[in-house]
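Undergrad: This is the structure I want to talk about, given as structure tokens.
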Amino acid sequence: MTADPMQRQATAFAPASAGNAAVGFDILGFALAGAGDTVTVRRIAGPEVRIREIRGAAHPLPLEASRNTAGVALEAMRRALQLPFGFELEIDKGIALGSGMGGSAASCVGALVAANALLDRPLTRHALYPFALEGEAVASGGRHGDNLGPMLLGGLVLATADRLVRIPVPEEWHSLLVHPEAVLETRKAREALAGSYELSEFVAQSANLALVLAGCHAGDASLVRAGLRDVLVEPRRAALIPGFAAAKAAMLDGGAMGASISGAGPSVFGWFENRAGAEAAAPAVQAAFAAAGLESQAWVAPLDSPGASLL
């Protein structure tokens, strides 16, 4: 594919995502249609990356490219491809930072998808992944793709250190994600994971991951119900989220195949066999957070939601 040589500006939308998906810490996540970041990128003559403006953020975000997820990702692209030109970008935040919805990853992916459209020879989404990992590391301190993968490819994605694999899921399966109006920084949530672990915990988590992947491939909800439980990370983070236990219980009582923390939290997600079930469960989950003193927002989306797109 060859880009239009006259094109000097492109805008991309990157959706929210839920990292970890209960059973795949740092390696499994799914896209969430309905919320996301919008990034506009202009091709400029100077060999540099400039961030002109960031709108919609509740707190100031760094405009220095070297300290911003989107800026670092585009710098990584420039270096790897030895581009003789640079990029200027504007970011419109639609995902709250510290929400567990991939806010930092969305800016990064949106910038890459828009900039890719301005290349003389655009890359595949898979080829953009290494650059996205560079950007994500700025925000989280680690190179993990559980948010990046679904944003780049859409749907449910297994994201290893150097590979993205989209996992097939039945089109009728939907996710419900509820975000309480609270902030839980990724770095703080990761600190809660310090300490020792039993080998039996890893064995149980591996079994659950295998059940979920097998269930998705087979379209077998009973396998997903048996496996969609986080026995490794959730027990160590649950106390950081007011109302979590009641919110999770509301998901399960409402028919969810499983429910857990979205990313680092405080958002909570559940998987349902159809949209009607997800929509019916939302009020009870929001009521659980309200009882803990937190207002919340809810999104229902296909588990196979689309990834980032050009506008």
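The values are calculated or read from the model by the stated rules, or taken from the named source; none is laboratory data. Quick caveat: nothing in here was measured; it's all calculated off a predicted structure. A quick note on method: Cβ atoms are made from the backbone with ideal geometry, for glycine too, and the neighbour counts reach across all protein chains shown.
Undergrad: How many residues, within region 35-63, are out of contact with any Leu (no Cβ under 9 Å at 6 or more places or on another chain) and under 30 Å from A259 (Cα atoms)?
TA: First pass over region 35-63, keeping only residues out of contact with any Leu (no Cβ under 9 Å at 6 or more places or on another chain): 36-37, 44-46, 48, 55-56, 60, 62-63.
Still in the running and under 30 Å from A259 (Cα atoms): 36-37, 56.
Residues that pass the stated criteria total 3.
Undergrad: Go through region 117-170 and count every residue that is polar (S, T, N, Q), in contact with a helix residue (DSSP H, G or I) (Cβ under 6 Å, 6 or more places away or on another chain) and at pLDDT 95 or above.
TA: 1
Undergrad: Return the residues of region 1-59 that are closer than 22 Å to L152 by Cβ, over 20 Å from the mean Cα position of the chain (by Cα), aliphatic (A, V, I, L, M) and at pLDDT 95 or above; say none if nothing qualifies.
TA: A10, V41, V49, I51
Undergrad: If a residue counts only when it is of a type in the set (S, T, Y), which helices (runs of 4 or more DSSP H) contained entirely in region 98-181 have at least 2 such residues? Steps first, please.
TA: Values: elements: 103-116, 125-140, 148-153.
Qualifying helices (runs of 4 or more DSSP H): 103-116, 125-140.
Undergrad: From I91, I51, I44, which residue is surrounded by fewer than 19 Cβ atoms within 10 Å (Cβ to Cβ), free of Cβ contacts under 8 Å to residues at least 60 places away in the same chain, among the β-branched types (V, I, T) and over 21 Å from H144 (Cβ atoms)? Working first, answer last.
TA: On the way: I91 fails: surrounded by fewer than 19 Cβ atoms within 10 Å (Cβ to Cβ); I51 fails: surrounded by fewer than 19 Cβ atoms within 10 Å (Cβ to Cβ).
So the residue among I91, I51, I44 that is surrounded by fewer than 19 Cβ atoms within 10 Å (Cβ to Cβ), free of Cβ contacts under 8 Å to residues at least 60 places away in the same chain, among the β-branched types (V, I, T) and over 21 Å from H144 (Cβ atoms) is I44.
Undergrad: Which of the residues belonging to region 267-289 are over 14 Å from L176 (Cα atoms) and in contact with a strand residue (DSSP E or B) (Cβ under 7 Å, 6 or more places away or on another chain)? Spell out how you get there, then give the answer.
TA: Going residue by residue through region 267-289, those that are over 14 Å from L176 (Cα atoms) are 287-289.
Hit for region 267-289 is F289, nothing else.
Undergrad: Hey, another quick one. State yes or no: is R121 touching a residue at least 40 places away in the same chain (Cβ under 8 Å) and surrounded by fewer than 17 Cβ atoms within 10 Å (Cβ to Cβ)? Don't jump to the end; show me each part of the working.
TA: Working: touching a residue at least 40 places away in the same chain (Cβ under 8 Å): yes; surrounded by fewer than 17 Cβ atoms within 10 Å (Cβ to Cβ): yes.
Criteria met by R121.
Undergrad: At least 2 residues that are within 30 Å of P168 (Cα to Cα) and not assigned by TED's automatic domain parsing to the domain that holds A226 in each: list the strands (runs of 3 or more DSSP E) lying fully within region 19-95 that qualify.
TA: Because the criterion is at least 2 residues that are within 30 Å of P168 (Cα to Cα) and not assigned by TED's automatic domain parsing to the domain that holds A226, the strands (runs of 3 or more DSSP E) in region 19-95 that meet it are 28-44.
Undergrad: Could we say that S196 is free of Cβ contacts under 8 Å to residues at least 24 places away in the same chain, outside any helix (DSSP H, G or I) and either surrounded by fewer than 18 Cβ atoms within 10 Å (Cβ to Cβ) or not hydrophobic (A, V, I, L, M, F, W, C) (or both) here? Reasoning before the result, please.
TA: Working: free of Cβ contacts under 8 Å to residues at least 24 places away in the same chain: yes; outside any helix (DSSP H, G or I): yes; either surrounded by fewer than 18 Cβ atoms within 10 Å (Cβ to Cβ) or not hydrophobic (A, V, I, L, M, F, W, C) (or both): yes.
Judged against the criteria, S196 is a match.
Undergrad: Is there any pair linking a residue in region 220-231 that is in a helix (DSSP H, G or I) to one that is buried (at least 22 other Cβ atoms within 10 Å of the Cβ) and among the aromatic types (F, W, Y), with Cβ under 8 Å and at least six apart or on different chains, and which?
TA: Close Cβ pairs (under 8 Å, with a partner that is buried (at least 22 other Cβ atoms within 10 Å of the Cβ) and among the aromatic types (F, W, Y)) amount to A221/W173; V224/W271.
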